[in-house]
Amino acid sequence: MKTSLLQESRRDHKQSRRDHKSSKSNDQKNAKDLIIRQEQKSEKSTKSAKHRANIVQTSFEIPPENCQVDTQGDRRAVFTKKILLSTSNPTNPVPNVLRRYDPKKLNKEGTNQVFLFVHLSGKRVQFQTGVFIKPNQWDNDKGLVKRTCKDCGAHNLELARLEGKITEIMVRLRLKDIPLTLELLQFEYSKPSYGFDFIDFMDRAIKERIGVDIVQSTANHHAGVLSKLKAFKNPILSDEVSDEFITRYAKYLGVTLGNKQNSVHGNIKTIKAYVNRAIEAGLLENKSGVKNPVKVVACKTEFLTDQEYRAMVDLYRKGTLSSSLQSVLRWYLFCCNTGIRMSDLRRIKMDQIFKDILILVPKKSAHTTGKTVKIPLMKFALQLIKDEGDIHMDGLVFNCISEVNMREFIKLIATKHCKLKKSLNWHSSRHTFATIFLRNNPGDVVTLQKLMGQSKIEDVLRYLHIDTADVTKAMQFQDEY
């Protein structure tokens, strides 16, 4: 009996201790929760105060014509659709965009305009949409033009486009941590260049220019420039097109991509041309354009001297080369003899040769000056055409291989077979023609300009090269004293 009472007493004691511990634990937990709630409340209050302190009002004297500011609440019965935009940045609130249609205020045609508007800081800004419909054509629940309107598709797309424009402005300002005000929203919305993406503009402009003022090869080059620009930044908005941006991009081309200085200059030059087009179209506010921060470095242009040119002619006449190398040398010598470019060589047809005169419009200038060039064909040039063999099905005089192989083969011929210490490119044939012509016709730059199809004398002078032997001969008059 005593044992039973003792055991019961011990159980009661243990249960009492457990109850006490549980009660103490609950009290500690409640106290901890209370402290956490107080800290959260204090933090929220601090953030709210910071937000109020950070709001900056921006004012502009003239609001845009298509916006109407109303500081009083509109109590008329109107149809609206609310579009909620979430934001994780409490210091830069994004207002709600609403669609508003008033069925009571109608014009003579019995229609009224759908408006977009937002509220911020107790004010409302209203944007015209240009969408006029009748009251029975508006779906208040969906905020859309009903199908009973024949232009419902176009109207709804226009409303969505304008809504998207306002949304883009607000999100853009939020990402830049710029406090949003109604005046700033009005100002950004009124910009004709807002939403302008230079990448998209340049892409479309390249495609539109093909066959109008540039050829396909030039368009391919411009597309290559655009691909590099895309890799650097995409999209590029209107206010980002500046001298500072171009300088950073030039550094990216030179340092990151390892492009040479002249290549960087050429890339920037192409971009600058499309920036000027965007300015002319009124899509950029920067009326002065951008500057090219990279200067052109004068590089050595290879050409053949009289002796070197004769050595290549002798090699051709020997006929010791393989058929493929012999053909490439034939085409190169024809360019040296006529001064035409590779792009023109590849497209010459027999109907362009009349009484031993080659008549053509250079491909490079076909969409700019469009001038016709007439080049007399001498005996050696006519022999090269004869050596080419039969005229092909497409009427082309020369059955050229790929441009890449033509360039590689002429380098091989010059270094290995002619033992020249020069890395010839195909354009050296044009420089050779100009240099040899003036050596045999001193001072006749005007005729050379016509033969080469250049529009300016300055362009011809780039092809002129003075040999050391010519300089020595010109200075011999000093020996008479």
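The table below lists the values:
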{"quantity": "Gly395 vs. criteria touching a residue at least 24 places away in the same chain (Cβ under 8 Å) and exposed (fewer than 14 other Cβ atoms within 10 Å of the Cβ)", "calculated": "yes"}
{"quantity": "Positions within the range 111-153 being closer than 20 Å to Glu188 by Cβ, buried (at least 19 other Cβ atoms within 10 Å of the Cβ) and in contact (Cβ under 8 Å) with a residue 60 or more places away in the chain, in sequence order", "calculated": "Val118, Val125, Phe127"}
{"quantity": "Residue match in the range 317-328 (condition: part of a loop (DSSP other than H, G, I, E, B) and within 38 Å of the chain's Cα centre (by Cα))", "calculated": "no"}
{"quantity": "Qualifying positions in the range 300-323 - in contact (Cβ under 8 Å) with a residue 60 or more places away in the chain and acidic (Asp, Glu)", "calculated": "Glu302, Asp306, Glu308"}
{"quantity": "Single residue of the range 204-242 satisfying the filter (more than 17 Å from Ile279 (Cβ to Cβ), among the hydrophobic types (A, V, I, L, M, F, W, C) and under 9 Å from the mean Cα position of the chain (by Cα)) that is surrounded by the fewest Cβ atoms within 10 Å (Cβ to Cβ)", "calculated": "Ala223"}
{"quantity": "Residues of the range 346-366 satisfying the condition of being touching a residue at least 24 places away in the same chain (Cβ under 8 Å) and either over 20 Å from Gln449 (Cβ atoms) or out of contact with any Ser or Thr (no Cβ under 9 Å at 6 or more places or on another chain) (or both)", "calculated": "Arg346, Arg347, Ile348, Lys349, Met350, Asp351, Ile353, Asp356, Ala366"}
{"quantity": "Spans of helices (runs of 4 or more DSSP H) in the range 329-445 with at least 3 residues under 17 Å from Phe303 (Cα atoms) and under 39 Å from the mean Cα position of the chain (by Cα)", "calculated": "403-412, 428-440"}
{"quantity": "Conditions (1) in contact with a helix residue (DSSP H, G or I) (Cβ under 7 Å, 6 or more places away or on another chain); (2) in a helix (DSSP H, G or I): number failed by Cys149", "calculated": "(2)"}
{"quantity": "Filtered residue count, the range 207-222, keeping only those that are touching a strand residue (DSSP E or B) at 6+ places or on another chain (Cβ under 8 Å) and in contact (Cβ under 8 Å) with a residue 24 or more places away in the chain", "calculated": "1"}
{"quantity": "Hey, Thr338 closer than 18 Å to Phe433 by Cα, in contact with a Leu (Cβ under 8 Å, 6 or more places away or on another chain) and either of a type outside the set (Phe, Trp, Tyr) or not assigned by TED's automatic domain parsing to the domain that holds Asp213 (or both) or not", "calculated": "yes"}
{"quantity": "Test: residue in the range 253-260 that is over 30 Å from Ile169 (Cβ atoms) and charged (D, E, K, R)", "calculated": "yes"}
{"quantity": "Residue within the range 191-199 that is in a helix (DSSP H, G or I) and crowded, with 19+ Cβ neighbours inside 10 Å present", "calculated": "yes"}
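Yes/no per residue for (1) under 30 Å from Arg347 (Cβ atoms); (2) in a loop (DSSP other than H, G, I, E, B); (3) touching an Asp or Glu at 6+ places or on another chain (Cβ under 9 Å):
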residue	(1), (2), (3)
Ala205	yes, no, no
Asn234	no, yes, yes
Lys251	no, no, no
Val255	no, no, no
Asn267	yes, no, no
Leu283	no, yes, no
Lys291	no, yes, yes
Glu302	yes, yes, no
Glu308	yes, no, no
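The values are calculated or read from the model by the stated rules, or taken from the named source; none is laboratory data. Every value quoted in this text rests on a predicted model; they were computed, and no experiment measured them. Counting neighbours? That spans all protein chains shown, and the Cβs are built from the backbone with ideal geometry, glycine included.
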